[in-house]
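The values are calculated or read from the model by the stated rules, or taken from the named source; none is laboratory data. Keep in mind that what you see is a predicted model, and the values were worked out from it rather than measured. Glycine also receives a Cβ, built like all others from the backbone with ideal geometry; neighbour counts cover every protein chain displayed.
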Amino acid sequence: MFDKKFLEKLNEAKKIVFFTGAGISAESGIPTFRGADGIWKKMKPEELASFDAFMRNPDLVWEWYQHRRNIINNTKPNAGHYAIAEFEKYYDVTVVTQNIDNLHRRAGSTKIFELHGNIERNYCINCRTFYNSPELEITSGVPKCKKCGGLIRPDVVWFGEVLPQDQFNGAEAAAEYSDICFVVGTSAVVYPAAYIPMSAKQAGSYIVEINIEPTELTRYADYSIFGKAGEVLPQILEEVKKIKS
Ligand code: BJW
Ligand code: ZN
């Protein structure tokens, strides 16, 4: 069912990177950003996912993140997340995710770089005191810092903001040392995150894309598998089990 060259690569590989985007969590019921069912069909990203948007209307932006926290808290990792976690039995695995939803960690993956932050964490825009989401009192609008009264924002990366340097550097190093880089459920249009699979490719890694449709990355991929991540990843894991038995 899978390409012979790909199966050979799975046999030889030691280090594997999974570079993931919103599509891997779609089967858990978390909407993606772009595409037919994407949340940005209804709302413009610059109206919600930027610091300017937050300062213009902090309550609106906070409510939007509260809404997404509720979805995330009421969902579970899916077969795709669990398959990636199980790859650790067979390879040195690094997960590089653009997602803020914590589902890789909840599925059991241990080495994770989060390029766009994590919705569980929040911080005061004045004094940078950190708050975990459950610690915050439920307020109707944006909560205020207990120390200085400043506005509290989610610890996520908005447009025009710099990515956490340690996470990006760790991700880039893992990509460059990888034997296979799986690119799963991302449109690969948001930079600098989308440089990660390109760095892997330039360093000689074998790029395998898993997506329900072609993307910006398809022409650079060594192998593209079109299908749902929650179905394709467990099938690949089954091949790995055969190879390693
Ligand atoms: C399935 C599936 C299933 C569905 N199975 N697949 C050129 C070069 C460099 C930068 C830029 C540039 N042009 C513009 C920029 C700036 C900008 C950018 O990249 N813009 C582009 C959109 C044009 N980048 C930035 O602003 C970044 N910062 C920056 O550049 O700083 C520089 C700087 C320098 C000096 C001073 C200051 C700054 C920051 C980007 C931050 C992005 N943040 C967001 C929001 C995070 C918080 C939140 O979640 O609310 O991150 S935007 C949003 O997009 C989110 C995602 O992580 C990110 C990527 O989206 P993703 O994951 O790819 O999702 P989708 O929806 O696009 O795709 C889903 C895919 O899944 C689809 O392909 C489906 O087909 C597929 N799928 N179901 C498998 N079951
Ligand atoms: Zn403060």
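Is it the case that some residue within segment 163-184 is among the hydroxyl-bearing types (Ser, Thr, Tyr), assigned by TED's automatic domain parsing to the domain that holds Thr110 and out of contact with any helix residue (DSSP H, G or I) (no Cβ under 7 Å at 6 or more places or on another chain)? Within segment 163-184, one or more residues are among the hydroxyl-bearing types (Ser, Thr, Tyr), assigned by TED's automatic domain parsing to the domain that holds Thr110 and out of contact with any helix residue (DSSP H, G or I) (no Cβ under 7 Å at 6 or more places or on another chain). With respect to the stated conditions, Pro192 fails to be in contact with a Ser or Thr (Cβ under 8 Å, 6 or more places away or on another chain), surrounded by fewer than 20 Cβ atoms within 10 Å (Cβ to Cβ) and over 21 Å from Glu8 (Cα atoms).
Residue under question is Ser50, and the condition is that it be touching a residue at least 24 places away in the same chain (Cβ under 8 Å) and within 20 Å of Asp155 (Cβ to Cβ); does it hold? So Ser50 fits the description; yes. Among the numbered conditions (1) in contact with a Ser or Thr (Cβ under 7 Å, 6 or more places away or on another chain); (2) over 22 Å from Gly29 (Cβ atoms); (3) crowded, with 18+ Cβ neighbours inside 10 Å, the only one that Leu163 does not meet is (1). Once segment 145-160 is narrowed to residues that are within 16 Å of ligand 1 (Cβ to nearest atom) and outside any loop (DSSP other than H, G, I, E, B), the residue that is surrounded by the fewest Cβ atoms within 10 Å (Cβ to Cβ) is Phe159. Kindly indicate the residue of segment 198-216 that is closer than 20 Å to Glu27 by Cα and surrounded by fewer than 14 Cβ atoms within 10 Å (Cβ to Cβ) and also farthest from ligand 1 (Cβ to nearest atom) among those meeting that condition. Only one residue fits best here, namely Pro214. Per the listing Cys145, Cys124, the residue uniquely touching a Lys or Arg at 6+ places or on another chain (Cβ under 9 Å) and within 16 Å of ligand 2 (Cβ to nearest atom) is Cys124.
Results for (1) of a type in the set (A, V, I, L, M, F, W, C); (2) away from ligand 2 (no atom under 16 Å from the Cβ), shown as yes or no for each residue.
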site	(1), (2)
Asp155	no, no
Val184	yes, yes
Gly204	no, yes
Pro214	no, yes
Lys242	no, yes
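For segment 132-142, the count of residues that are surrounded by 15 or more Cβ atoms within 10 Å (Cβ to Cβ) and touching a Ser or Thr at 6+ places or on another chain (Cβ under 8 Å) is zero. Val208 satisfies every condition listed in (1) in contact with a Cys (Cβ under 6 Å, 6 or more places away or on another chain); (2) touching a residue at least 60 places away in the same chain (Cβ under 8 Å) except (1). Based on what the data block shows, is Ser187 out of contact with any strand residue (DSSP E or B) (no Cβ under 7 Å at 6 or more places or on another chain), under 25 Å from Ala229 (Cβ atoms) and not aromatic (Phe, Trp, Tyr)? Criteria met by Ser187.
Pull up segment 15-53, narrow it to residues that are touching a strand residue (DSSP E or B) at 6+ places or on another chain (Cβ under 9 Å) and at pLDDT below 80, then point me to the one that is farthest from ligand 1 (Cβ to nearest atom). Here the answer is Glu46.
Looking at segment 173-184, which of its residues are surrounded by 19 or more Cβ atoms within 10 Å (Cβ to Cβ) and touching a Ser or Thr at 6+ places or on another chain (Cβ under 6 Å)?
Scanning segment 173-184 gives Ala174, Ala175, Ser178, Cys181, Val184.
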